[in-house]
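FYI, it's all coordinate maths here, none of it is from the lab. Keep in mind the model is a prediction, meaning the values are calculated, not measured. FYI the Cβ positions are ideal-geometry reconstructions off the backbone, even for glycines, and counts take in every protein chain you see.
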Amino acid sequence: MTPLRLVLVPLLLAGAHQAGNVPPQAKACAPAGGVAFGSATRTPVSIEGRIYFLQDDARTLPEFASMKSQGSIFTDRWEIGAREFTVGFPGVTDRFEWFALDYEGPIYVPVAGEYGFRLESDDGSKLYLDGAAVVDNDGVHAMNEASGAVTLTQGEHRLRLCYFQGPATEIGLKLFVTPPGGTETIFRLQDFNKDVLASRRLLGVTENDTEIRIRFGAEVLFDTAKFDVKPQALDSLKQLAGLLRAYPARPIVIEGHTDNVGTAKSNELLSRHRARSVESWLVSQGGVAGACVSTAAFGATQPVADNGTAEGRQKNRRVEVKIEKGTS
């Protein structure tokens with residue numbers, strides 16, 4: 001694999017080990033003060049949602065301008081399936097019904113064109129872009145959906161998402177987006193953040209429905225047959241750490257891989273040490289939450305190229321970092 005040559009992007013973004021090949025879920029990996037609608041702590045990529053109290057006769061979204069906020073939470077997505085909600089907002093209020101949320105903040109649109117949006121909510125919700133209503137799903141109702149579309153230019157825009165919960169304990173709030181020529185996915189702020197998008201390009205990120213993956217050739221991070229991170233790798237690791245911090249409270253798995261030269265035992269041990277060296281740097285120097293990180297050692301068991309050639313062996317000597325998407 002050709003060594004990565006990275007130019008650091010100034011991001012707006014401010015572990016446990018596991019032996020064997022199958023790392024566990026990092027059960028303690030969760031945002032501080034996390035609730036269904038977000039976290040009480042601002043995260044590296046997040047939008048603020050202000051909390052308001054409603055009278056028990058509310059049937060539509062209120063006029064927020066005339067109301068006093070009772071506190072704030074922060075989120076990077078809206079992916080709340082229909083569920084019971086009785087915990088309130090830890091650290092802010094124990095209110096679990098008759099409240100409203102007003103999320104508002106900037107987004108960066110990477111490609112100009114028509115964007116489709118779909119809102120599912122219980123009770124009412126509305127989506128605005130640049131002050132104009134795009135989706136109206138207001139009113140007291142069970143989980144219901146509404147859709148809309150808007151043509152956006154490339155660059156900065158303003159997103160606002162309003163939600164209210166009426167009586168009882170059933171809630172739900174999901175926002176989906178369909179980009180120009182693309183397929184529908186959950187709307188994630190990481191996909192609409194200029195710095196995160198630049199970092200993803202530089203790191204050669206690949207993605208599917210369940211994970212985000214970054215691959216480093218071993219020569220980028222280590223000297224031959226060594227597992228101490230070499231000084232020349234620091235720029236790459238800083239870029240990686242910034243990207244990982246942009247996905248808070250998501251399990252991260254660091255995988256070590258080798259070619260087939262040497263014994264199976266020595267290859268497994270080298271891959272383990274290399275994965276743990278990357279983990280150690282990310283947690284101690286990169287500001288990545290240790291509770292969210294685990295490692296896996298695969299040795300030569302998962303080649304991506306032919307070990308019969310020098311080029312193939314070089315591609316197989318690698319470290320892969322996986323961010324598990326999961327659901328909220």
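Per the helix-only calculation at 222 nm, which mean residue ellipticity applies to the chain, given -39500 (n - 2.57) for every DSSP H run of n ≥ 4 and division by its residues, nearest 500 deg cm²/dmol? Don't skip to the answer; put the middle values down first.
On the way: 5 runs with 54 residues, N = 328.
Mean residue ellipticity at 222 nm (helix-derived): -5000 deg cm²/dmol.
Based on Cβ point charges of +1 for Lys and Arg and -1 for Asp and Glu, what charge dipole magnitude is obtained for the range 70-196 about its Cα centre, in debye rounded to the nearest 20? Before the final figure, lay out each step's value.
On the way: 10 positive and 20 negative charges, 47 e Å.
It works out to roughly 220 debye.
What is the fewest-to-most order of HIS157, HIS257 by other Cβ atoms lying within 10 Å of their Cβ? All intermediate terms of the calculation are to be shown ahead of the outcome.
Numbers: HIS157 16, HIS257 26.
Lowest count first: HIS157, HIS257.
Could you line up CYS292, CYS29 from fewest to most neighbouring Cβ atoms inside 10 Å? Mind dumping the intermediate values first?
Numbers: CYS292 24, CYS29 21.
In increasing order of surrounding Cβ atoms, one gets CYS29, CYS292.
May I have the count of lysine pairs in the range 194-324 with C-alpha atoms under 21 Å apart, counting pairs 8 or more residues apart or located on different chains? Don't skip to the end; give the middle numbers.
Details: LYS194/LYS238; LYS226/LYS238; LYS226/LYS265; LYS226/LYS315; LYS230/LYS238; LYS230/LYS315; LYS238/LYS322; LYS265/LYS315.
Step by step, the pairs that qualify in the range 194-324 add up to 8.
Using the beta-carbon distance between SER147 and GLU207 and R0 = 30 Å, what value does 1/(1 + (r/R0)^6) give for FRET efficiency, to the nearest 0.05? Working shown, then result.
Details: r = 24 Å, r/R0 = 0.81.
It comes to 0.80.
Only Lys, Arg, Asp and Glu count, each charged at its Cβ (+1, +1, -1, -1), so figure out the dipole size of the range 106-168 about its Cα centre, rounded to 20 debye. Intermediate results must be reported in sequence, preceding the final value.
Working: 4 positive and 9 negative charges, 35 e Å.
So the magnitude is around 160 debye.
About its Cα centre, what dipole magnitude does the range 250-328 give when the only charges are +1 on Lys and Arg Cβ and -1 on Asp and Glu Cβ, stated in debye to the nearest 20?
Its charge dipole is roughly 120 debye.
Just one of (i) 30, 49, 20, 1; (ii) 31, 58, 10, 0; (iii) 33, 60, 7 is P(r) over Cα pairs in 20 Å bins from 0, in percent calculated from these coordinates, so which is it?
The value matching this structure is (i).
Please list 167-173, 249-255, 65-71 highest first by mean number of surrounding beta-carbon atoms within 10 Å per residue. Working shown, then result.
Details: 167-173: 17.4, 249-255: 22.1, 65-71: 10.7.
Taking the mean over residues of other Cβ atoms within 10 Å, the ranking is 249-255, 167-173, 65-71.
Taking 0.36 nm per residue of separation and subtracting the Cα-Cα distance, what length does fully extending ALA225 through GLU84 add?
Details: separation 141, 0.36 × 141 = 50.76 nm, distance 5.30 nm.
Net length gain for the segment: 45.5 nm.
Excluding residues fewer than 8 places away in the same chain, name every one of the lysines whose C-alpha is closer than 30 Å to that of LYS68.
Straight-distance partners of LYS68: LYS126, LYS174.
For VAL220, VAL135, which order do you get if you count the other beta carbons within 10 Å of each Cβ and list the fewest first?
Details: VAL220 21, VAL135 24.
Lowest to highest Cβ neighbour count: VAL220, VAL135.
Please compute the modelled spin-label separation between VAL111 and GLU63, points set 7 Å along Cα→Cβ, answer in nm with one decimal.
4.2 nm
By the gyration tensor of its Cα atoms, with a ≥ b ≥ c the square roots of the eigenvalues, what is the shape of the range 143-245: rounded for a/c under 1.5, prolate for a/b over b/c, or oblate?
On the way: a/c = 2.94, a/b = 2.24, b/c = 1.31.
Note, shape of the range 143-245 comes out prolate.
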